[in-house]
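J.: Below is the structure I would like to discuss, written out as structure tokens.
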Amino acid sequence: MDGTEQGAVREAARPSAGKGRLGRLSGLLASREVTWGALVGALVMNLVGYGLLSVLLLFFALLGLCARQWGLRALDRVEVSAAGGHSALFAGEEVTLRYQVTNDKLLPLTWLEVCQDLPVNGCMEPLDGFERYELEQFERSDDPRGAGALYRRRLVFLMGLQTVSWDTVWAARRRGIYQLGSVALRSGDGFGLTQTEARSPLAAPPAFVVYPRRVAVDPSPFLRQLWNGQTGQQGHFEDVTVMKSVRPYQPGDSWKRIDWRLAARQQGLQVRQYETIQPRTVHFILDGASFLGLSPGNDELEEALSVLSSLLVELDGAGVRCGLSLPQTALSPNVDLSPDDRSLTLGDLLFQLAGFDGDTAQSVFPGALLASLQNTVGQMCLLTHSRARLSCPQLPGQLDAGRLLALPFDDSPAPPGGGDPLGSCMVLPLSRLKGGARRG
């Protein structure tokens with residue numbers, strides 16, 4: 001990921017507070033009240049002549065004091081790291097992280113728990129190395145994040161000056177952004193009387209950007225439309241009227257490319273190099289609000305985004321530059337990435353789809369901006385759920401119908417009596433793009 005994406009990841013998932021938060025006590029024997037009460041009782045019993053009872057109370061006082069000090073110091077100089085860098089992957093792919101825990105002091109740890117927050121939308125899940133742990137009710141009330149569960153790995157007998165490491169495979173389950181900014185450490189004394197917890201920020205926190213799931217799509221309708229049926233398999237062709245150079249013949253070159261005039265002049269076999277013409281551009285507009293409330297998991301939107309992201313990959317591989325417009329959400333304003341921006345990459349488009357909040361999408365689009373884009377864009381594409389749920393009915397009228405292609409997820413007819421909300425633009429159901437041979 002570039003610097004812009006890393007900054008957005010940091011804003012989406014900030015690390016939690018640093019080390020030092022004391023957890024609960026596990027037993028009454030280690031509580032401050034019992035410890036001091038036993039110590040005072042030992043002195044009183046010694047004064048009144050009950051020596052054996054005095055020794056017993058003194059033992060409990062020292063046990064509680066040692067347990068408290070051991071528990072409070074358990075996480076001192078305990079360092080944890082997670083190496084994996086920044087990973088951008090599609091849903092369904094996997095990535096490996098290496099965790100390392102070092103007890104950089106002589107005091108041993110009889111047990112240690114390494115706890116990691118769950119991704120907010122479940123975009124990542126560990127396949128090994130961690131177990132899901134449901135927090136008890138009193139643990140949730142003490143947690144300022146209000147988390148209901150976390151991923152936990154329990155280590156036993158971490159000796160002084162010992163380092164333990166392990167690899168964990170994480171699977172990308174669905175699109176989203178997740179940064180592992182910190183982990184929570186839990187440990188306690190060897191008597192099992194105290195327990196403490198501290199949050200440890202990671203020096204180089206790994207970040208995951210999970211793109212929508214890749215599916216097989218057929219980009220040929222876009223390529224045919226862009227070149228009126230004249231394009232080659234790669235979405236671009238050579239202009240045979242413009243020759244930019246020649247080069248020596250190499251085995252496998254087509255004989256049709258040989259410049260026979262140069263050969264007749266005894267200048268050897270030279271192959272003509274023609275000017276390559278890139279195809280026109282495509283700009284996709286996502287009507288996110290039309291997908292709201294259809295299913296609990298927003299399955300229709302997720303499927304549409306999978307097709308869209310796969311199309312972006314295929315068109316980019318065919319040399320077609322693409323742009324993207326997303327509506328405003330509770331997390332971000334309108335996104336308008338023009339294909340004329342030469343600094344724009346495929347990763348920028350996929351990153352926006354990964355972080356798009358489909359649950360709060362609004363129907364407001366800057367129509368004037370989109371209308372100005374179509375002067376330089378070859379094809380405008382409006383991806384919506386259906387004619388009946390089109391949330392921006394004014395938008396098709398603001399754009400040139402000859403350059404607008406509607407991609408409805410559900411190609412149901414328009415409601416009777418109201419005309420077609422999509423106007424006279426071309427319509428290509430999104431389902432017809434699925435199932436093509438995937439390249440790249």
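The values are calculated or read from the model by the stated rules, or taken from the named source; none is laboratory data. None of these values were measured; they are calculated from a predicted model. In this analysis, Cβ positions are derived from the backbone assuming ideal geometry, glycine residues included, and neighbour counts consider all displayed protein chains.
J.: Residue by residue through segment 125-159, note down the ones that are farther than 18 Å from Leu97 by Cβ, at pLDDT 85 or above and under 21 Å from the mean Cα position of the chain (by Cα).
T.: Ala149
J.: Hey, another quick one. Looking only at strands (runs of 3 or more DSSP E) that lie completely in segment 30-122, which have at least 2 residues being under 30 Å from Ser310 (Cβ atoms)?
T.: By residue number, 86-90, 94-103.
J.: Among the candidates Asp357, Asp336, single out the residue that is at pLDDT 85 or above, outside any loop (DSSP other than H, G, I, E, B) and surrounded by fewer than 20 Cβ atoms within 10 Å (Cβ to Cβ).
T.: Details: Asp357 fails: outside any loop (DSSP other than H, G, I, E, B).
Residue meeting the stated conditions: Asp336.
J.: If you don't mind, another one. Kindly evaluate Gln162 against the criterion of being in contact with a helix residue (DSSP H, G or I) (Cβ under 7 Å, 6 or more places away or on another chain) and at pLDDT 80 or above.
T.: So Gln162 fails the test.
J.: Within segment 255-267, track down each residue that is closer than 15 Å to Ser245 by Cβ and part of a loop (DSSP other than H, G, I, E, B).
T.: Asp259, Gln267 - these are the residues of segment 255-267 that are closer than 15 Å to Ser245 by Cβ and part of a loop (DSSP other than H, G, I, E, B).
Rundown of residues vs (1) within 19 Å of the chain's Cα centre (by Cα); (2) closer than 25 Å to Gln374 by Cβ; (3) assigned to a loop (DSSP other than H, G, I, E, B), yes/no style:
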{"site": "Ala289", "(1), (2), (3)": "no, yes, no"}
{"site": "Pro296", "(1), (2), (3)": "no, no, yes"}
{"site": "Glu302", "(1), (2), (3)": "yes, no, no"}
{"site": "Ser309", "(1), (2), (3)": "yes, yes, no"}
{"site": "Leu312", "(1), (2), (3)": "yes, yes, no"}
{"site": "Leu315", "(1), (2), (3)": "no, yes, no"}
{"site": "Ser332", "(1), (2), (3)": "yes, yes, yes"}
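J.: Specify which of the listed residues (Leu383, Leu422) is in a loop (DSSP other than H, G, I, E, B) and either assigned by TED's automatic domain parsing to the domain that holds Asp340 or in contact (Cβ under 8 Å) with a residue 24 or more places away in the chain (or both). Spell out how you get there, then give the answer.
T.: Values: Leu383 fails: in a loop (DSSP other than H, G, I, E, B).
Just one listed residue meets the conditions, Leu422.
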